[in-house]
Amino acid sequence: MPAGPISAGPQPGEPMYQYRPALDGVRALAVAAVVLFHAGVPGLPGGFLGVDAFFVLSGFLITSLLLAEHNRRGRIALIAFWGRRVRRLLPALLVMLIFVALAGRYLLPTVEVRLLRGDALAALFYVANWRMIYRGSDYFSQTSAPSALQHTWSLGIEEQFYLLWPLVVVGLLAWLAVRYGRHAPRTHRDPGRWARLALLAVCLLGAAASALTAAVLYRPADVNRAYFGTDSRAEALLIGCALAVTLEALPRRELKRLTNADRAPLRQAARRHPVLGTLAVAGVFGVGWAWTHADGTSEWLYRGGLAGIALAVAAVLAHAVVSPASPTARLLALPPLVWLGRISYGVYLWHWPLFQFVNATHTGLTGPRLLAVRLLLTLVIPIASFFGIEEPIRHGRWLRRLPRLVPVGATAGAVAGVAAVVMLATVPVSLPPASFSAPRAALGVPESQSASPAPQSTPPVRRADRKPGAEPRVDIFGDSVAWTLGAYLPDHPGLAVNNIAIQGCGITLQPDILELGTPHTLYSYCPGWPAKYQGAVNNDDPDVSVLLLNRWEMMDAKLNGVYTHVGQPDFDRYLTGQLDRAVGIMGSHGSHIVLLTAAYTHRAERPDGGLYNEDQPARIDAWNSLLRAEAAKHPDTVTLLDLNKVVCPDGRYTESVGGLQVRSDGLHFTPEGVRQLIAPWLLPQLTAVAETGAP
């Protein structure tokens, strides 16, 4: 809808909620910042703060609507208010959830499909922000790729606000009506004034409490609780509420002496707000600086920065509303911005899942071409949603002719139907039996390596100190990739396998790392790996010790104050020392050491479709070269087995081998991949090593 004529500002007794094109302009800039941030466009590291602009605007508009209705009717129809919110927001969300559930079934890794069910149900019932905080306690949930529904966290906060805030407003106004009604003293005969003061106090105190909560909950190593919490992010909503309460009094105070017949003074009054204009300019610069400089883990954001950004947005809104003829309002009311602002809900709703599904893996595109396709879809689908779903349901006159319970029943049925679709579409993929007897020729594994040895009544014993008939012992050391290998290996005649791998830990002890391009610190328990390795060796006294490392050694790590990585001389020397240490511990009781090469990975894509540093094949090759050098230093006690060649037979990352899915998330092995591909290749060789010291 193109921008209409610039109005002269609030009229005497005119509600502040009337349609103002400039507000759509604010929506447009906010959603553009978020979309471009998620697209990885350079120069907008703080684009995620566009969500806070939405929060301020939502608080302002909803409070304006509530106060306007109370001024007109003397009451607020809560059921009707909530019904309008449902008609505006829910239909498009339901369609998007069905799409994500069905598409995710086929396009997402197995691990993420299993998480998608909880994500979709949380989004459906508007508690996604709490789901993102407590999405999973196990390592694989914590380190999984971002959910295709992660963006619905902000919708959850807004809907929780839409549910609770009207109750606060209605309750407070009702209490004040009793407290300062017609029988109150003469000085208290203006209940509206007392209502505004009370509401303003609630807004300001609530915003201050929310800002304090964010500061208290902030943790540098994990900002999720402070970032996603309703209590810690309500400050922007409440600042918008405070703005609405403040501006609601303006028509009565500034314009009550002006009449519609005298348009010149009215227009002049609408322009004459130099203080607001100055604040708006400062607000624009403040928001612009935050969008181009902020980082989601920055401490200053949670120590008052979020509140400051919300105040900056509020200053811009105030000037645009009070002075609709000002440059601020005119710029925000430019037709392209108004048009984008009108479909901003659909743009926000669809952009993130589209970015997750329309990626380099599925399209073969990267860089500007991938961005162009994503942005085109992010406009086309929301336009179809706006005109085909949102507007017809929102303004449909036929809805008003139906009995009141019919829309309620239809809504409940729609929600139940979408929940059923989500449950069916995200059923975890069933796992095959714990067997590895499938033919290997189809998977490209030589037949000489595929057959498991026949069971023997007395397994061979290589170590002279073993009791007769004792099974050779194999300990598997390493990180979470090694853990999936050890966890999914089937029983093998003649071997006793123990899984000693530590999820989330390699052998590097440098605490500062870059994971998926973001600074992180190693898990607090990782420095204890030498003690755990030694304890396992002392307890198990293994015949064979297997080491598989495939993540942490490939990441950028800060060494001597500078980020470096495998393949660079200083870090290679450090990693070689750590390898020597690990090999020494694992072989301290005389066991033979088997080093498995790391396989190529594709854990996640950068926003432009490229690989993150830790997934670069060159880093995998550099690490495998260090493993080969380590094995060459100990030819009698260390054996190198090329797992990468088995898992990536074409010399590049692949999710499946011969139609068998081998990776669950671009990194970790699937149970069927271990049982049907890796085990038939690996277990016979481990048996041979246990018997003779050579594969």
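The values are calculated or read from the model by the stated rules, or taken from the named source; none is laboratory data. Values in this document were obtained by computation on a predicted structure and should not be read as measured data. In this analysis, Cβ positions are derived from the backbone assuming ideal geometry, glycine residues included, and neighbour counts consider all displayed protein chains.
Taking the criterion of being more than 20 Å from Phe60 (Cα to Cα), small (Gly, Ala, Ser) and either modelled with pLDDT of 95 or more or surrounded by fewer than 18 Cβ atoms within 10 Å (Cβ to Cβ) (or both), the residues of the stretch 283-303 that qualify are Gly288, Ala290, Gly296, Ser298. Only one entry in Glu614, Glu655, Glu672 is more than 30 Å from Leu371 (Cβ to Cβ) and charged (D, E, K, R), namely Glu672. Applying the condition of being closer than 14 Å to Ala320 by Cβ and among the small types (Gly, Ala, Ser) to the stretch 9-60 and asking which residue is modelled with the lowest pLDDT yields Gly9. Is it true that Tyr525 is closer than 25 Å to His668 by Cα and of a type in the set (Ser, Thr, Tyr)? Yes: the conditions hold for Tyr525. Of Val56, Val51, which residue is within 17 Å of Trp352 (Cα to Cα), surrounded by 17 or more Cβ atoms within 10 Å (Cβ to Cβ), in contact with a helix residue (DSSP H, G or I) (Cβ under 9 Å, 6 or more places away or on another chain) and touching a residue at least 40 places away in the same chain (Cβ under 8 Å)? Only one candidate passes the filter, namely Val51.
Residue-by-condition table, conditions (1) out of contact with any Leu (no Cβ under 8 Å at 6 or more places or on another chain); (2) touching a residue at least 24 places away in the same chain (Cβ under 8 Å); (3) of a type in the set (D, E, K, R); (4) not assigned by TED's automatic domain parsing to the domain that holds Val31:
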residue	(1), (2), (3), (4)
Thr292	no, yes, no, no
Ser298	yes, no, no, no
Arg303	yes, yes, yes, no
His319	no, yes, no, no
Val322	no, yes, no, no
Tyr345	no, yes, no, no
Asn359	no, yes, no, yes
Pro368	yes, no, no, no
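Every residue, every condition in (1) at pLDDT 95 or above; (2) surrounded by fewer than 19 Cβ atoms within 10 Å (Cβ to Cβ); (3) touching a Leu at 6+ places or on another chain (Cβ under 6 Å), yes or no:
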residue	(1), (2), (3)
Ser625	yes, yes, no
Asp636	no, yes, no
Leu640	yes, yes, yes
Gly673	no, no, no
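Taken over the stretch 650-670, the criterion of being closer than 17 Å to Val113 by Cβ, outside any loop (DSSP other than H, G, I, E, B) and touching a residue at least 40 places away in the same chain (Cβ under 8 Å) is satisfied by Gln661, Arg663, Phe669. Looking across the stretch 57-105, just one residue is more than 23 Å from Val415 (Cα to Cα) and aromatic (Phe, Trp, Tyr), and that is Phe60. Close Cβ contacts (under 6 Å, 6 or more residues apart or on different chains) running from residues in the stretch 21-41 that are touching a residue at least 12 places away in the same chain (Cβ under 8 Å) to residues that are not in a helix (DSSP H, G or I) comprise Pro21/Ala3; Pro21/Ala333; Ala22/Ala333; Gly25/Ala333; Phe37/Leu44; Ala39/Pro607; Gly40/Pro607; Gly40/Asp608. Of all residues in the stretch 533-592, those being assigned to a strand (DSSP E or B), of a type in the set (Ser, Thr, Tyr) and buried (at least 22 other Cβ atoms within 10 Å of the Cβ) number 1.
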